[in-house]
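Reviewing the structure listed below.
The values are calculated or read from the model by the stated rules, or taken from the named source; none is laboratory data. Please read all numbers here as calculations on a predicted model, not as lab measurements. Note that we place each Cβ from the backbone using ideal geometry, even for glycine, and neighbour counts take in every protein chain shown.
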Amino acid sequence: MPIAFSQGFSPHPKISYASAAPTGVGSEAEYLEIGLQREVDPAELKVALDAALSPGLDVLEAVLAEPGGGSLADRIDASHWRLELPGVEPAVAAEAVAAFLAAPEVLVERMTKQGRRSFDARAAVFRCAMTDEPDLPSGAVAVPCAIIDLVVRQVIPAVRPDDVLSGLRVVAGLEPPVPPRVTRLAQGTLTAQGEIVDPLDADHVGASASESASR
Amino acid sequence: MSVSSVFPQLEQLLPRVSKPIQYVGGELGAVVKDWDDTTVRWALMYPDAYEVGLPNQGVQILYEVLNEQEDVLAERTYSVWPDLEALMKENGVPQFTVDAHRPVKAFDVFGLSFATELGYTNMLSALDLAGIPMESADRDVTHPIVLAGGHASFNPEPIADFIDAAVLGDGEEAVLEITGIIRDWKAEGCPGGRDEILLRLARTESIYVPRFYDVDYLPDGRIQRVVPNRPDVPFRVAKRTTMDLDAWPYPKKPLVPLAETVHERYAVEIFRGCTRGCRFCQAGMITRPVRERSITTVGQMVKEGLEFSGYSEVGLLSLSSADHSEIGDMCSGLAEQYADTNVSLSLPSTRVDAFNIDLAQELSRNGRRTGLTFAPEGGSERIRKVINKMVTKEDLIRTVVTAYTNGWRQVKLYFMCGLPSETDEDVLEIAEMAHEVIRAGRAAAGTKDIRCTVSIGGFVPKPHTPFQWAPMERPEVIDARLKMLKNAINSDRSLGRAIGYRYHDGEPSLIEGLLSRGDRRVGKVIRRVWEKGGRFDGWSEHFSYSRWVEASTEVLPEFGVDLDWFTTREREELEVLPWDHLDSGLDKDWLWQDWQDSMSEYEQDDCRWTPCFDCGVCPSMDTEIQIGPTGKKLLPLTPVTNLRVPA
C-alpha cells in the first residue's frame with residue numbers, strides 16, 4: 001500500500017491510533033488513521049492489511065476519511081468493555097459493583113510515566129452492571145465466572161478497566177483469583193441514550209463505504 | 001498423540017511480566033502447522049531474550065528450511081526473562097514455543113544455536129522449565145534429542161553432559177539429514193531406544209555425540225586422550241560445509257517481529273567464510289572456505305525479501321563484505337534500484353581502506369547515510385602484525401580522513417585489549433591514533449565538527465584459532481589498561497572532547513574464556529552457577545563475576561585445576577586440547593605454525609588473492625573456494641516476471 005511517510009531524516013509511516021487499548025486486554029474495536037500517498041479503494045486496503053497482520057489482528061473495515069469530518073479522536077468519547085472474572089461468584093461481583101456505583105468517588109492508584117498517581121475511577125463510569133449473558137467465556141476453565149459490562153467515558157487521566165477493578169477492590173475487597181479477561185467491545189460517541197456510535201459512521205455516507213458497513 | 005497449546009495458562013501470567021508481547025508469537029513469516037500432520041518436529045531455540053534471538057539468521061534459516069518439508073514442523077523458543085521464569089515455575093507452565101505455544105518437551109529435537117558460550121546457563125533454565133532432565137544420561141526415549149549448533153559447538157565439551165549431540169558448521173543440510181534419520185527410526189518403531197538413535201546420528205561422522213567418547217586426564221590435570229568408547233563411532237567428527245549458497249537462498253521469508261528487537265532489517269548473507277586470517281577470529285577460521293552468493297541471487301533475495309517483509313532496511317552481511325568479488329556492482333546496482341524508495345542499504349564496514357568508503361558513498365545515494373565503522377583491532381603496528389590485521393597507521397588515518405572529507409561527521413573504530421604479547425604501549429597507541437584522526441580530520445574537513453568513537457573489548461582466545469594456545473590477560477590488567485587509555489585520550493582536552501570512548505570490563509571476557517576453552521569439567525561449574533541463580537550471562541545487569549569465581553572455587557579443585565588454569569595458562573604444542581577430536585578442517589600443525597608466526601610478527605596473506613598456504617580445510621573437507629565475478633549485473637529495473645512451469 002502506498003503509505004505516506006513523515007518528512008525528515010528518519011521518515012515514519014503516517015499512522016495514528018485513537019485511544020489504543022492498554023497492553024494485556026483484548027479488543028474488538030480498535031481504530032486507526034493511515035495517511036496514504038494517493039487514494040486507494042478501502043476494500044483493497046482492508047484485504048492487503050489483513051493479509052500482512054498476525055492471526056487475531058483482523059481488519060474489519062476501512063473507509064475514506066471525509067474532508068471536514070474531524071479526526072477519529074474527536075469522535076471517540078467512550079468505550080464499552082466486558083470484564084470476565086473467572087473464579088468469582090456473580091453474586092459477589094454484583095455486591096462489589098453495587099458498592100462501587102453507590103460511592104460518590106472511588107480513589108485508585110496506578111503507576112504512570114510520571115510515577116504513582118491517585119485519581120477517581122468512579123466519575124468516568126457511565127454504566128457498570130452484571131451482564132445477563134448466559135455463555136461462559138471461551139478459554140475460561142474455572143467456573144463460576146462473573147461477567148461485568150462496563151461503559152467508561154474518555155477522561156484525563158484515562159480510567160481503564162483495571163482501574164475499575166482496582167476500584168472494586170477498594171470499595172468491596174474484590175480480589176479475583178486469576179487475572180480477569182478484559183475485552184473492549186466498542187468505542188465511539190456516547191449518546192444521551194447511552195448508545196455508542198461507531199466513529200466510522202460519519203464517513204459511511206461517503207460513496208466508498210458501500211461494501212463494508214456490516215460489522 | 002496430539003499436543004495442546006499452553007497459551008491459556010501462559011496468558012494468565014502475561015499481565016504480570018515485562019514486555020509480554022515477546023511471548024505471543026504471531027510474527028509475519030511465522031509458521032503454524034497441525035501437530036498430527038507431521039512426523040518429525042523440531043523446537044529451535046536461540047538461548048537469549050526474544051529481542052536478541054528473533055533476528056538471528058541461523059535460526060531463521062533452519063526454521064524455514066525445515067518447515068518447507070511437508071511432514072516436518074519447526075517452531076521457535078527463546079529464553080524467558082527471570083520474572084516469567086519464576087511465574088512459570090510457580091504455576092507449572094513449561095518452556096513453550098512462540099509459534100503454537102507447544103511444550104518443548106513434546107518435540108523430537110530441541111535444537112539450540114549458540115553464537116556465544118554465555119548462553120549456556122540459559123540452556124539449563126530452558127531444560128529445567130521444559131521438564132527435560134538436565135543431563136543427557138538421565139533422559140529416555142520420550143525426551144527430545146538436545147542438539148547444539150552455532151559457533152560455540154566447535155567446542156561443546158563444557159556442555160557435553162547436558163546435550164545429546166552437536167553439529168559443527170553449516171546447518172542447512174545437516175538438519176535435513178538428521179530429520180531423515182529420525183523419520184526412519186520413528187517409522188521403524190524407535191528400535192533400540194535413545195542409544196540407537198544417537199548411534200545412528202554419530203555414524204554420519206559429522207554429528208558429535210559426547211556420550212560415545214571418554215576423556216582421560218593426566219595427573220597434572222591436562223587431558224591425556226579423548227577416545228570413542230565403542231567401535232562403531234568415528235575417532236574425529238567433521239564439520240559441515242554448505243557449498244553453492246545460490247542453491248540455499250534463505251531466509252526467503254524473514255520473520256517480522258511485533259515486539260521491538262535489536263535488528264529490524266532484512267539481512268542477506270552475501271558470502272560465508274573468510275580467509276583474511278585474523279588470528280583472533282574464530283568465525284574466520286571455522287567457516288572456511290569462502291563461498292560467495294552471486295550478485296544476481298543477492299539481488300533476487302533483496303527484492304523478494306523486501307516484498308515479503310516490508311522491511312525498510314537491508315544489511316549485506318558477511319565476515320568482510322567489501323571483499324565480495326562483485327561488491328562494487330552489487331552496491332551500485334542495489335542503490336540504483338532503491339534510490340527512490342525508503343529502503344536503506346548497509347554494509348558492515350570493517351575493512352580499513354578507501355574502497356570501503358566508496359561503497360558506503362554508493363549506498364547512501366538516496367541521502368540515507370549509514371554509520372562508518374573501521375576495525376583496526378590493535379593499537380600499534382606491532383600488535384596488528386601479531387593478530388594479522390594488515391593495516392598501517394598511515395592507511396588508517398588516510399582512510400578516516402577520506403570519510404570526513406566525504407561528508408561523514410562520525411566514524412567508529414573497533415579495538416581489542418588483552419591480545420597475546422600486548423603491552424601498555426600497544427594500547428596507549430590507540431589514543432595517539434585517535435588524536436591523529438581528529439587532528440587530520442579537522443584540517444581536511446575544515447571544521448571542528450567531527451567525532452570518532454573508540455570501542456574496545458576484551459580479547460577471548462577461541463578454539464580452532466592460532467590463539468587457542470595463548471594465555472589470557474588477567475581482568476585487573478585489562479581494566480588498568482582501559483583506564484590508562486581513557487586518561488590518554490583525555491590528556492588533550494580539545495581532541496579528547498571529539499572522541500567517544502566505549503569499553504567492556506575484563507571480567508566477563510575471562511569467564512567467556514573459561515567457557516570457550518573449557519573441557520567437560522567446566523560443565524560442573526556451569527551447573528553450579530545456574531543453581532546459584534546465573535542467567536543471561538551476556539547481559540551486564542545479570543552477569544555476576546563473583547558467582548562464576550565462587551562456583552569455580554567450589555567445583556574445580558576436586559580435579560586439581562582452577563579458573564586460572566583454564567584461562568591465563570599458556571598451552572604447549574603437544575597438549576591435547578579438549579576439541580582436538582572435533583575437526584574444523586584446519587591442520588593443527590598449520591595453526592601451531594601460525595601461532596609461532598604471530599609471536600615473531602610474521603604476517604599471512606589471504607588465499608582469496610594469493611596461492612594456497614595449506615591451512616588444511618579444502619582438502620580435508622573436500623571443499624573449494626567459490627568466488628566470482630560472474631560477470632552479471634543487477635541491471636534490469638523492470639520487475640522480474642514470475643515464471644510459471646506448465647503442469
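Of all the helices (runs of 4 or more DSSP H) wholly in region B:554-647, which have at least 1 residues that are closer than 27 Å to B:LEU419 by Cβ, modelled with pLDDT of 90 or more and out of contact with any Leu (no Cβ under 9 Å at 6 or more places or on another chain)? Quick ask: steps written out before the conclusion?
Working: elements: B:563-567, B:588-599, B:617-621.
Ranges flagged: B:563-567, B:588-599.
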Check your understanding: List, please: which pairs have Cβ atoms under 6 Å, are six or more places apart or on different chains, and start with a residue in region A:60-82 that is farther than 16 Å from A:ALA158 by Cα and end with one that is of a type in the set (Gly, Ala, Ser)?
Key -> A:GLU61/A:SER212; A:VAL63/A:ALA209; A:LEU64/A:GLY206; A:LEU64/A:SER208; A:GLU66/A:GLY206; A:GLY69/A:ALA202; A:LEU72/A:ALA18
Point to revise | Count of region A:7-58 residues which are under 21 Å from B:PHE308 (Cβ atoms), of a type in the set (A, V, I, L, M), part of a loop (DSSP other than H, G, I, E, B) and within 10 Å of another protein chain (Cβ to nearest Cβ) | key: 2
Revision key, fill the gap. If we ask which residues in region B:247-273 are assigned to a loop (DSSP other than H, G, I, E, B) and either in contact (Cβ under 8 Å) with a residue 60 or more places away in the chain or buried (at least 22 other Cβ atoms within 10 Å of the Cβ) (or both), their number turns out to be 18
Exercise for review: Taking B:ALA137 as meeting all but one of (1) within 30 Å of B:ARG225 (Cα to Cα); (2) small (Gly, Ala, Ser); (3) touching a strand residue (DSSP E or B) at 6+ places or on another chain (Cβ under 8 Å), write down the number of the exception.
Suggested key: (3)
**Study point:** Residue list for region A:155-177, restricted to those being surrounded by fewer than 17 Cβ atoms within 10 Å (Cβ to Cβ) and part of a loop (DSSP other than H, G, I, E, B)
**Key:** A:VAL155, A:ILE156, A:PRO157, A:ALA158, A:GLY173, A:GLU175, A:PRO177
Review point. Which condition does B:ALA100 not pass, out of (1) buried (at least 22 other Cβ atoms within 10 Å of the Cβ); (2) of a type in the set (Gly, Ala, Ser); (3) in contact with a strand residue (DSSP E or B) (Cβ under 8 Å, 6 or more places away or on another chain), if it passes all the others?
Key: (1)
**Study point:** Filter result for A:ALA99 (closer than 13 Å to A:VAL170 by Cα and not in a strand (DSSP E or B))
**Key:** yes
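For (1) modelled with pLDDT of 95 or more; (2) buried (at least 17 other Cβ atoms within 10 Å of the Cβ); (3) at negative phi, each residue gets a yes or a no:
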{"position": "A:PRO2", "(1), (2), (3)": "no, no, yes"}
{"position": "A:LEU57", "(1), (2), (3)": "no, no, yes"}
{"position": "A:GLY69", "(1), (2), (3)": "no, yes, yes"}
{"position": "A:ALA73", "(1), (2), (3)": "no, no, yes"}
{"position": "A:GLY87", "(1), (2), (3)": "no, no, no"}
{"position": "A:VAL97", "(1), (2), (3)": "yes, yes, yes"}
{"position": "A:PHE100", "(1), (2), (3)": "yes, yes, yes"}
Review point. Are any residues in region B:529-544 assigned to a helix (DSSP H, G or I) and over 15 Å from B:GLU117 (Cβ atoms), and if so, which ones?
Key: B:GLU531
Point to revise | Wholly enclosed helices (runs of 4 or more DSSP H) of region B:285-368 bearing at least 3 residues of a type in the set (D, E, K, R) and either buried (at least 20 other Cβ atoms within 10 Å of the Cβ) or in contact with a strand residue (DSSP E or B) (Cβ under 8 Å, 6 or more places away or on another chain) (or both) | key: none
Review point. Out of the residues in region A:102-149 that are part of a loop (DSSP other than H, G, I, E, B) and at pLDDT 95 or above, which is surrounded by the most Cβ atoms within 10 Å (Cβ to Cβ)?
Key: A:ALA121
Review point. Here are some residues: B:ALA126, B:ALA115, B:ALA148, B:ALA152. Which one is under 24 Å from the mean Cα position of the chain (by Cα) and assigned to a loop (DSSP other than H, G, I, E, B)?
Key: B:ALA115
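Residues checked against (1) out of contact with any helix residue (DSSP H, G or I) (no Cβ under 6 Å at 6 or more places or on another chain); (2) surrounded by fewer than 22 Cβ atoms within 10 Å (Cβ to Cβ); (3) in the same structural domain as B:VAL617 (by TED's automatic domain parsing):
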{"site": "B:ALA152", "(1), (2), (3)": "no, no, no"}
{"site": "B:PRO158", "(1), (2), (3)": "no, no, no"}
{"site": "B:GLU177", "(1), (2), (3)": "yes, yes, no"}
{"site": "B:ILE181", "(1), (2), (3)": "no, yes, no"}
{"site": "B:LYS186", "(1), (2), (3)": "yes, yes, no"}
{"site": "B:PRO191", "(1), (2), (3)": "yes, yes, no"}
{"site": "B:ASP195", "(1), (2), (3)": "yes, yes, no"}
{"site": "B:LEU199", "(1), (2), (3)": "yes, yes, no"}
{"site": "B:ARG203", "(1), (2), (3)": "yes, yes, no"}
Check your understanding: Among the listed residues B:ALA480, B:ALA488, B:ALA470, which satisfies the condition of being more than 29 Å from B:VAL411 (Cα to Cα), more than 19 Å from the chain's Cα centre (by Cα) and hydrophobic (A, V, I, L, M, F, W, C)?
Key -> B:ALA470
Review point. Within region A:20-45, can you find the residues that are surrounded by 13 or more Cβ atoms within 10 Å (Cβ to Cβ) and in contact with a helix residue (DSSP H, G or I) (Cβ under 7 Å, 6 or more places away or on another chain)?
Key: A:GLY24, A:VAL25, A:TYR31, A:GLU33, A:PRO42, A:ALA43
Study note, to complete from the structure: Given (1) over 30 Å from B:TRP185 (Cβ atoms); (2) in contact (Cβ under 8 Å) with a residue 60 or more places away in the chain, B:LYS89 misses just (2)
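If you scan region B:155-167, which residues turn out to be closer than 21 Å to B:GLU196 by Cα and out of contact with any Gly (no Cβ under 8 Å at 6 or more places or on another chain)?
Of everything in region B:155-167, those that are closer than 21 Å to B:GLU196 by Cα and out of contact with any Gly (no Cβ under 8 Å at 6 or more places or on another chain) turn out to be B:ILE163, B:ASP164, B:ALA165.
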Review point. B:PRO219 versus (1) part of a loop (DSSP other than H, G, I, E, B); (2) surrounded by fewer than 18 Cβ atoms within 10 Å (Cβ to Cβ); (3) touching a helix residue (DSSP H, G or I) at 6+ places or on another chain (Cβ under 8 Å): which is the lone unmet condition?
Key: (3)
Check your understanding: What are the pairs, 6+ residues apart or on separate chains, where a residue within region B:1-14 that is more than 12 Å from chain A (Cβ to nearest Cβ) has its Cβ under 7 Å from a residue that is of a type in the set (D, E, K, R) and assigned to a helix (DSSP H, G or I)?
Key -> B:SER2/B:ASP36
Exercise for review: Could you please tell me which pairs satisfy a Cβ distance under 7 Å, a separation of 6+ or placement on different chains, a first residue in region B:20-39 that is more than 10 Å from chain A (Cβ to nearest Cβ) and over 14 Å from B:THR97 (Cα atoms), and a second residue that is surrounded by 18 or more Cβ atoms within 10 Å (Cβ to Cβ) and of a type outside the set (S, T, N, Q)?
Suggested key: B:GLY29/B:LYS253; B:GLY29/B:PRO254; B:GLY29/B:LEU255; B:GLY29/B:VAL256; B:THR38/B:VAL72; B:THR38/B:LEU73
